[in-house]
Amino acid sequence: MGEEKTTFENARQRLNAAMEHVDFPSEVIERLKYPKSSLRVSIPVRMDDGSLKTFTGFRVRYDDTRGPTKGGIRFHPQVDLDEVTSLAFWMVFKCAVVDLPFGGGKGGVIVDPKELSLLELERLSRGYIDAIADFIGPDTDIPAPDVYTNPMIMGWMTDEYNNITRHKEPSVITGKPLELGGSRGRDSATGRGGYFVTRELEKQLGIGPGSTVAVQGFGNAGYWNALFLSEAGYKVVAVSDSKGAIYQPNGLDVKSVYQFKQQESTLANAYCHGSVCEVRDHEVITNEDLLALDVDFLVPAALENAITAKNAGTIKAKALLELANGPVTPEADKILFEKGIHVLPDILANAGGVTVSYFEWVQNRNGFYWGSEEVDDRLEKIMRQESATIWAFAQERGIDLRTAAYAHSLSRLSSAITAKGTKDYFHKINTGSYKAVSA
Ligand code: NAD
């Protein structure tokens with residue numbers, strides 16, 4: 001029955017298991033039950049044919065105890081408040097997993113961007129920022145790219161924010177083009193972060209160079225991860241996009257598959273309209289077939305709820321790397337755990353993106369920019385360190401990696417929330433048994 005729950009209910013359910021492994025006051029959970037604020041906006045856009053069309057957008061700031069809220073903007077026809085709230089919730093825990101001084105937020109617009117011209121896309125992107133400008137800012141809420149948004153769109157959005165505030169404020173949005181204050185390594189950061197998590201734990205997971213890999217979702221996160229894994233000697237045998245999947249048991253040439261997808265694009269600089277299915281020398285399969293392939297390592301890198309109680313039983317991989325947010329439902333998690341399949345959870349696996357977004361924010365605020373090596377080295381250190389800690393905790397308690405990651409993150413969040421005072425603290429103040437300042 002759990003499959004009928006909303007994505008947000010599923011997201012919150014993850015906390016229950018983690019709570020048993022962290023010692024914290026109950027009011028921490030009370031604080032994390034609801035988003036801090038949610039905004040719904042209407043965005044009127046002048047279309048190329050002269051007509052006016054109104055789009056609906058959202059921005060949710062879930063919790064900002066550890067710092068300004070941080071999270072991407074999604075352009076997708078299935079965006080709704082439940083999805084954006086869930087994504088904002090995950091961002092809270094993700095930022096804490098990698099110890100960034102950020103809370104969690106997220107945004108989205110209900111639109112199929114592939115149906116817009118580039119100029120319509122620019123007007124929509126600017127219109128969205130006009131609508132949420134009072135809600136965001138470098139010290140309050142900092143957007144970034146997510147599904148079907150990219151550096152060019154982040155550039156338009158930052159420009160619009162600067163026009164509104166009448167000064168240059170690059171740190172308001174991350175994932176910008178390099179020329180407009182972006183960070184080196186941000187485009188590849190999510191895939192690279194997931195790659196470091198994999199390399200850190202590969203011995204424990206029983207995989208390594210030579211292992212076969214299938215990647216669902218060949219976009220920003222999926223492509224870069226597939227590339228780094230294949231460069232390290234893993235054999236990427238299948239990739240997919242929204243139109244379908246391709247399978248080549250001898251291994252695909254990741255770069256040329258991606259180049260082909262780009263070439264076929266009619267909006268080459270914005271979206272891939274070409275599909276991986278058009279690449280030659282492969283078998284065309286469905287996304288469902290891809291998930292059930294007999295591979296060592298499976299990388300869901302598309303959308304949430306890809307693996308449910310219905311198809312979890314068909315998965316044969318030894319381990320999963322969740323580059324997408326929320327690709328496995330709680331019921332599917334249980335099935336995978338019982339089958340002995342390790343799931344490297346989203347809040348760790350895809351945290352490389354927000355980590356380099358943090359680096360971008362730091363560089364923007366300092367006006368001093370780092371080289372690629374510095375970005376990659378700092379990212380590697382963080383991803384490997386947190387992965388090792390989470391693995392050790394999971395082993396010590398005999399729990400799955402997701403529960404361990406949530407417990408690790410919850411303990412950091414709990415320290416920050418309780419540092420502002422708890423029931424116990426205020427009770428002592430009221431009864432005079434506690435002096436806030438020593439004499
Ligand atoms: P993207 O727009 O670059 O790529 C998405 C890819 O998924 C495209 O290739 C698309 O064709 C494919 N896709 C869409 N629906 C599909 C379906 N039903 N089956 C198979 N493929 C499908 O997006 P992205 O930035 O790579 O994001 C992918 C996932 O990674 C999302 O869950 C996102 O929230 C998560 N993520 C991204 C980042 C980042 O920095 N980009 C960071 C953290 C998490």
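Can you give the charge dipole size of segment 35-168 about its Cα centre, rounded to the nearest 20 debye, using +1 on the beta carbon of Lys and Arg and -1 on the beta carbon of Asp and Glu?
Working: 16 positive and 19 negative charges, 52 e Å.
So the dipole magnitude of segment 35-168 works out to roughly 260 debye.
Where Rh denotes the Kirkwood radius from the mean inverse Cα pair distance, what is Rg over Rh for segment 189-349?
0.94
Ordering Met383, Met19 from largest to smallest accessible area (1.4 angstrom probe), what's the sequence? Intermediate values should be presented prior to the final figure.
Values: Met383 0, Met19 65 Å².
These residues rank, largest area first, as Met19, Met383.
Given the protein chains as shown and a 1.4 Å probe, how many square angstrom of Asp63 are accessible, to the nearest 10?
10 Å²
For the chain, what does the equivalent ellipsoid look like in terms of its semi-axes, each the square root of 5 times an eigenvalue of the Cα gyration tensor, given largest first in whole Å? Write down the numbers at each step before the final one.
Working: eigenvalues 216, 171, 81 Å².
Values for the chain, descending: 33, 29, 20 Å.
Using mean Cβ contacts within 10 Å as the protection proxy, how do 297-303, 126-132 order, highest first?
Numbers: 297-303: 25.7, 126-132: 21.3.
For the peptides 297-303, 126-132, the packing ranking is 297-303, 126-132.
Would you mind getting the accessible area per residue of segment 72-118, heavy atoms of the protein chains only, 1.4 Å probe, in Å²? Don't jump to the answer; show the numbers that get you there.
Numbers: 1070 Å² over 47 residues.
Per-residue accessible area for segment 72-118 comes out at 23 Å².
Please turn the phi angles of segment 391-404 into ³J(HN,Hα) values with the Karplus equation 6.51 cos²θ - 1.76 cosθ + 1.60 (θ = phi - 60°), one per residue in order, whole Hz, x for glycine and proline.
Each residue's phi maps through the Karplus curve to give 4, 4, 5, 4, 5, 4, 9, x, 10, 6, 5, 5, 4, 5 Hz.
Under 5 Å between amide hydrogens, which residues at least 5 positions from Thr212 or on another chain qualify, with H placed 1.01 Å from N in the peptide plane?
Lys235, Asp296, Phe297
Quick one: order Tyr369, Tyr223 from most to least accessible surface, probe 1.4 Å.
On the way: Tyr369 95, Tyr223 15 Å².
So the residues, ranked largest to smallest area, are Tyr369, Tyr223.
Dipole of segment 1-85, Cα-centred, from +1 at each Lys and Arg C-beta and -1 at each Asp and Glu C-beta, to the nearest 20 debye?
Charge dipole of segment 1-85: 420 debye, to the nearest 20.
Once the Cβ-Cβ distance between Thr314 and Asp49 is put in as r, and R0 is 45 Å, what FRET efficiency do you end up with, to the nearest 0.05?
On the way: r = 46 Å, r/R0 = 1.02.
Plugging the Cβ-Cβ distance into 1/(1 + (r/R0)^6) gives 0.45.
Taking the radius of gyration and the Kirkwood hydrodynamic radius from Cα positions alone, what is the Rg/Rh ratio for segment 112-194, to two decimal places? If you can, show how the numbers build up before the last one.
Values: Rg = 12.8 Å, Rh = 13.2 Å.
That ratio is 0.97, to two decimals.
For a test of the definition: using alpha carbon positions, the gyration tensor, and the 1.5 limit on a/c, classify segment 370-422 as rounded, prolate or oblate.
Verdict is oblate for segment 370-422.
Tell me, rounded to the nearest percent, the portion of alpha carbon pairs in segment 1-61 spaced more than 16 Å apart. Mind showing how you got there, number by number?
On the way: 1214 of 1830 pairs.
The share of Cα pairs beyond 16 Å in segment 1-61 comes to 66 percent.
Can you say what percent of the DSSP beta bridges in segment 35-168, counting only those with both residues inside, are antiparallel? Round to 5. Spell out each step's value before the answer.
On the way: 17 of 28 bridges.
Of all bridge pairs located within segment 35-168, approximately 60 percent are antiparallel.
Hey, how many Å between the Cα centroid of segment 121-194 and the Cα centroid of segment 92-114?
Segment 121-194 and segment 92-114 have Cα centres separated by 13 Å.
Protein chains only, probe 1.4 Å: how do Ile382, Ile207 rank by accessible area, largest first?
On the way: Ile382 40, Ile207 15 Å².
The residues order as Ile382, Ile207, largest area first.
Please work out the C-alpha center-to-center distance from segment 366-391 to segment 5-35 and express it in whole Å.
Between the Cα centres of segment 366-391 and segment 5-35 lies a distance of 28 Å.
Using amide H atoms built 1.01 Å from N in the peptide plane, name the residues 5+ places from Tyr62, or on other chains, whose amide H lies under 5 Å from its own.
Those qualifying (amide H under 5 Å, at least 5 residues apart or on another chain) are Lys36, Gly104, Gly105, Lys106.
Give me the distance in nm between label points sitting 7 Å out from Cα along the Cα-to-Cβ direction at Gln385 and Asn366, one decimal.
With each label point 7 Å from Cα toward Cβ, the separation is 1.5 nm.
Hey, what's the per residue convex hull volume over the C-alpha atoms of segment 35-168, in cubic angstrom?
On the way: hull volume 13.1 nm³, N = 134.
Considering the Cα atoms of segment 35-168, their hull volume per residue is 98 Å³.
Antiparallel as a % of all DSSP beta bridges within the chain, to the nearest 5? Numbers along the way, then the final one.
On the way: 25 of 51 bridges.
If we restrict to bridges inside the chain, about 50 percent are antiparallel.
Beyond 19 Å, how much of the Cα-Cα pair distribution for segment 61-133 remains, as a whole percent?
Details: 1080 of 2628 pairs.
Value for segment 61-133 (Cα pairs over 19 Å): 41 percent.
In whole Hz, with x marking every Gly and Pro, tabulate ³J(HN,Hα) for segment 349-354 from phi via Karplus 6.51 cos²θ - 1.76 cosθ + 1.60, θ = phi - 60°.
Result, ordered by residue: 4, 10, 6, x, x, 6 Hz.
Treating the beta-carbon of each Lys and Arg as +1 and of each Asp and Glu as -1, no other charges, what is the dipole magnitude of the chain about its Cα centre, to the nearest 20 debye? Don't skip to the end; give the middle numbers.
Numbers: 48 positive and 58 negative charges, 238 e Å.
That gives the chain a dipole magnitude of about 1140 debye.
Arranged from highest to lowest average of other beta-carbon atoms within 10 Å per residue, in what order do the peptides 45-52, 401-408 appear? List each step's numbers first, then the result.
Working: 45-52: 11.0, 401-408: 25.4.
In decreasing order of mean packing, 45-52, 401-408 become 401-408, 45-52.
Treating cross-link reach as a plain straight distance, find the aspartates and glutamates whose alpha-carbon is under 15 Å from the alpha-carbon of Lys316, omitting any fewer than eight places away in the same chain.
Glu288, Asp289, Asp294, Asp296, Asp333, Glu338
Can you work out ³J(HN,Hα) from phi for every residue in segment 203-208, in order, using Karplus 6.51 cos²θ - 1.76 cosθ + 1.60 and θ = phi - 60°, giving whole Hz and x for Gly and Pro?
So the J values, rounded to whole Hz, are 5, 5, 7, x, 10, x.
The values are calculated or read from the model by the stated rules, or taken from the named source; none is laboratory data. Because the structure is a prediction, the values reported are computed rather than measured. For neighbour counting, all protein chains shown are included, and Cβ atoms are generated from backbone atoms with ideal geometry for every residue, glycine included. The area values use the complete protein model at the heavy-atom level, side chains included, leaving out ligands, DNA and RNA. Shrake-Rupley method; radii C 1.70, N 1.55, O 1.52, S 1.80 Å.
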